[in-house]
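Just below is one structure, and these are the notes that go with it.
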Amino acid sequence: MNRATSWLTTAFLAAALVYCAPPSILALGYPAGVAPHTAFKITSDGTPNTQFAVHNVGRISLTVSNFGTIGNGYYNSVIIDGEEALSCEYPIHSNIEYLNLGALWIGAVVGDDTLVLVGNDGWYGVTELFPAPGPSGAIRSRSNLKSHSDYDPEAVSEQDIICVYTDTMVNPGWTGEDPIDNRPHIPLHVSVTQSSYAWSYAYAEDFVIIDYQIANIGDTPIRDMFLGFYVDAAAYHKSNELTGFIDDICGFAQTVKMASGICLDRDTSDFPWMDTINVAWVADNDGDPTPDLKWDYTSTRAATGTRVLRAPNRDFSYNFNWWISDITTALDFGPRQNGTASDPFRRFGAQLGTPLGDRNKYYMMSHPEVDYDQLFTAVSHTPEGFMSPPDPHYAVDIADGQDTRYLLSFGPFDIQPGDTAPFTVAYLAGDSFHVSPGDYAAVFDPFQPENYHQTLNFDDLSLNARWASWIFDNPGIDTDGDLDSGVFCWNYIWQDTTSYNPDTSGPAFLVPIDSFKTYYRGDGLPDFKGASPPPAPVVKTFSAMGSVVLRWNGQDSETGRDQFTGQRDFEGYRVYFAQGDRETDYTLLATYDIDDFQAYRYDDFYRTYRQSGTPVTRDRLKAMYDPDFDPALYDDENHQYADTAEGVSYYFVPQDWNYSDLSDPDGIHRVYPGASPDDPADTTDDGYLRYYEYEYSIDNLQSSVPYNFSVTTFDYGAFAFGLPPLESSRLLNAVKEYPLPSATTVEREGLAVMVYPNPYRGDGGYARVGYENRDRTEAAEWAREIHFANLPKVCTIRIFTLSGDLVDEIKHDRPDGGAGSQQETWDLISRNTQAITSGIYLWQVSSEFGDQLGKLVIIK
């Protein structure tokens, strides 16, 4: 695939983009007097404060900018907190990329002209939305987690990223001139407040919700506005990035079968309820199995997609268009409907795909059309009003997967001066879209694509699309108090009464004995809420040779209320460790769980045992019934407890493990066992009650490799909302630590610096033992690591040749003394970005405590 070279200026790429992410941007917000939607002008000599930030609390990692784009395609490598940020990595830390670039498009009619503003046009690199210069244009972040430094009680999610940009930049050095319309950028005079939200909860970890508030900051109404969300997706592992993006397939999923258990009276395979999701999706054509048709770590089995959650008009219709952009005219193709007398066909220049220029973009955005899926390109769709397929050679090439783009758009609507139009989308992923690694090779036929299409698994994609919609607009919640709680279906409880009707023969005789509503869609107003696990604590580490002690305070975890249910639902802690950084790498080490039980009460009406309320502690049950009461003796329907006072019977099921001993020094234990939760003066240096201070020790660790540690929290679920117990993400508060003496100990005891592996061998296989990152996919020269340990908190590492030439210099600056502050790595790349050669080198570590010198042998 040949991409046109961006015509953005070198200055824009090299100097103007500032790469940042929380917590780097925490101190920056709106300037005094500049609130969302306030009009501000970017002067011709002003430099917009363009930035990137990354959502990374869930399983999906998504890069966003403050100039109307998602992803970082066309902008070279984006480095955030020392790491390259992929456009859309899923699952996080997998090195699998699912996006090149996405962008906001805004089109409108101005007089007799049509204008379309773009965060990026996706081909020439046109950019027409920019933030203000200086701090007022910076990205800001906030979190609803009290343990985070950017905690804000007004935060919507665990990771809010907020920015403001406008279309008022008219400096052609930034906006360029449209090479198709041959004119400079013409503003519509809009300001966009972009707020994106991410969560780590199990049901919300696979999507990011992006909310746009588009304000008319001009003096005249904006007429016939259409909004669009453009996506140039991709699906490849970083080891295959040169060619992996040219075999993608695209489509539009309008309806899927309703999730099991929502509408029971018609939840059958013969006549299921259908749920409308309207998701534009992209996936690799075959999931990239290995040559012997197996899945491995490079396989791109997932699909990503976009769901519109809100538009300015509640009753809006979608346009969905996909196309291939290519310098080969015949391959620059997209489905197009035939014209009519009242709606004549419009050609986009020589090609049928890429809508170049404002007029063609507006035509696509405003022209009603939902394209057929890309797999079906070689099949005729003329009965549906589409043009004939392209030449069979190209049609097969396109159906087989290409570098595909799509646009979701809708309108029209008008915005008066000072008014705002809301637009909300969810960018989401769905796992296991490709089920069997051999399906494509065995089934795909471009002239009979339905067989292969049926092997694609939309279950997880549609589940995540549904949850994104539910978090945005909670079903069953009357947001504005107008007695409308959303869309529901009736469910009925049926009872088999055959035994009470002895004259009845044949099938069971069922009668409805009760009914209830199940809401599956909200009232159309945003809520941005979902049930959450208790807040995960901040984890501190205390390291020594071969061991690490974890310490945390659980006051917020144990006393906070779920923002959705309003309950204090803390159930316990789990301690994990891992040598990798994926969530699946973590191994459970220990657990603490409140000693409580879920009661099941016999219901005479339903003639069965039903869950009754929230879990009850063992101590409370003893207080209710008898000091010697043991709920473990009454653990099923055949061993029930008869409550003579109430005249009912119960049985009790342990809620989780019920391991509640906090006195075992080898387990999770209290640091201050004599502390009281009722003494407000008995606090730690951080101001938290000492009663909630916990520790866990891990011994017998290999001191030369790093480990990741995490302490999660979990609750007992939300029975009233049908939610199972929720656990915080293991990645949310993970800390990386070496089982080495801490930097404080190094400084206090004057310990000698250690350098390893030394000698370093190019064939040493260090990734297998944890010295090097097993997931690094760059050339081998860029994946090497030599470790410097027993470092003071602040020092400078220098590597020299034997002749005294400086090879590289590393600034080690960790005055906080936190996890990993006693260690640094060198990638064996010189300060001139050259891979070093075999030989003997000298190293020097300089600090306020003096200099240490040594030799380093490298054999490549």
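The values are calculated or read from the model by the stated rules, or taken from the named source; none is laboratory data. Worth saying up front: this structure is predicted, and the values here are computed from it rather than measured. Virtual Cβ from ideal backbone geometry, glycine too; neighbours counted across all protein chains shown. Remember, those area values only see protein heavy atoms, side chains included, never the ligands or the DNA or RNA. Shrake-Rupley method; radii C 1.70, N 1.55, O 1.52, S 1.80 Å.
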Karplus 3J(HN,Hα) series, Hz, for region 275-282 with 6.51 cos²θ - 1.76 cosθ + 1.60 (x for Gly, Pro): 9, 8, 10, 6, 10, 7, 10, 9
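How much length is gained on full extension from V648 to D419, taking 0.36 nm per residue of separation minus their Cα-Cα distance?
Stretched fully, the V648-D419 segment lengthens by 76.4 nm.
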Separation of alpha-carbon centers, region 601-622 and region 43-90, rounded to whole Å: 51 Å
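So for region 132-223, what are the equivalent ellipsoid semi-axes in whole Å, largest first, each being the square root of 5 times an eigenvalue of the Cα gyration tensor?
Numbers: eigenvalues 225, 43, 37 Å².
Semi-axes (√(5λ), whole Å): 34, 15, 14.
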Descending principal axes extents, the chain, alpha-carbon based, whole Å: 104, 87, 62
J(HN,Hα) series, region 148-156, from Karplus relation 6.51 cos²θ - 1.76 cosθ + 1.60, nearest Hz, glycine and proline x: 8, 5, 9, 4, 9, x, 8, 5, 8
Whole-Å distance, taken between Cα centres, linking region 782-819 and region 388-417: 51 Å
Net charge over other residues, Cβ less than 12 angstrom from the Cβ of T329 (K, R count +1; D, E count -1): -2
Cα-only Debye scattering, region 333-461: base-10 log of I(q)/I(0) at q = 0.09, 0.13, 0.16, 0.19 Å⁻¹: -0.37, -0.72, -1.00, -1.23
Long-range amide H partners of Y659 with built H, under 5 Å: D593
Surface share of carbon and sulfur [accessible, 1.4 angstrom probe, percent] for the chain: 50 percent
Diffusion coefficient, µm² s⁻¹, Stokes-Einstein with Kirkwood Rh over alpha-carbon pairs of region 63-113 at 4 °C and 1.567 mPa s: 103 µm²/s
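At 1.4 Å probe size, put H453, H434, H189 in order of accessible surface, largest to smallest.
Working: H453 40, H434 5, H189 65 Å².
From most exposed to least exposed: H189, H453, H434.
Kirkwood Rh over Cα pairs of region 202-242 into Stokes-Einstein at 20 °C, 1.002 mPa s: D in µm²/s? If you can, show how the numbers build up before the last one.
Working: Rh = 15.2 Å.
Answer, rounded: 141 µm²/s.
When ligands, DNA and RNA are left out and all protein chains stay put, how many square angstrom of accessible area per residue does region 269-383 have with a 1.4 Å probe? Intermediate results must be reported in sequence, preceding the final value.
On the way: 4650 Å² over 115 residues.
On a per-residue basis, region 269-383 sits at 40 Å².
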Derived scalar couplings ³J(HN,Hα) [region 231-239; Karplus, 6.51 cos²θ - 1.76 cosθ + 1.60; whole Hz; x for Gly, Pro]: 9, 9, 7, 7, 8, 7, 7, 4, 6
Nearby lysines by direct alpha-carbon distance to K517 (threshold 24 angstrom, same-chain neighbours under 8 apart not counted): K257, K529
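Express the accessible area of region 609-742 per residue in Å², computed with a 1.4 Å probe while the remaining protein chains stay in the model. Kindly include the intermediate steps, with their values, before the conclusion.
Working: 7060 Å² over 134 residues.
So region 609-742 comes to 53 Å² accessible per residue, rounded to a whole number.
When ligands, DNA and RNA are left out and all protein chains stay put, how many square angstrom of accessible area per residue does region 77-152 have with a 1.4 Å probe? Can you show the working numbers first?
Details: 2220 Å² over 76 residues.
On a per-residue basis, 29 Å².
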Protection proxy ranking, peptides 310-321, 550-561, average beta carbon neighbours within 10 Å, highest first: 550-561, 310-321
Distant-in-sequence amide H partners of D527 (H built 1.01 Å from N, under 5 Å): D473, N474
Reachable lysines, given that their alpha-carbon falls under 22 Å from the alpha-carbon of K736 and they are not under 8 places away in the same chain: K146, K540, K793, K811
Binned Cα-Cα distances of region 172-225, short to long, each 10 Å bin given as a whole percent: 18, 26, 30, 18, 8
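Give me the net charge for the shell around A202: Cβ to Cβ below 11 angstrom, other residues only, Lys and Arg +1, Asp and Glu -1.
Numbers: positive: R59; negative: E205, D206, E583, E727.
Counting the neighbours of A202, the net charge comes to -3.
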Counted charge near N474, where neighbours are those whose Cβ lies closer than 14 Å (Asp, Glu -1; Lys, Arg +1): -3
Reduced Cα scattering model of region 517-654, Debye log10 I(q)/I(0), q = 0.13, 0.15 Å⁻¹: -0.86, -1.00
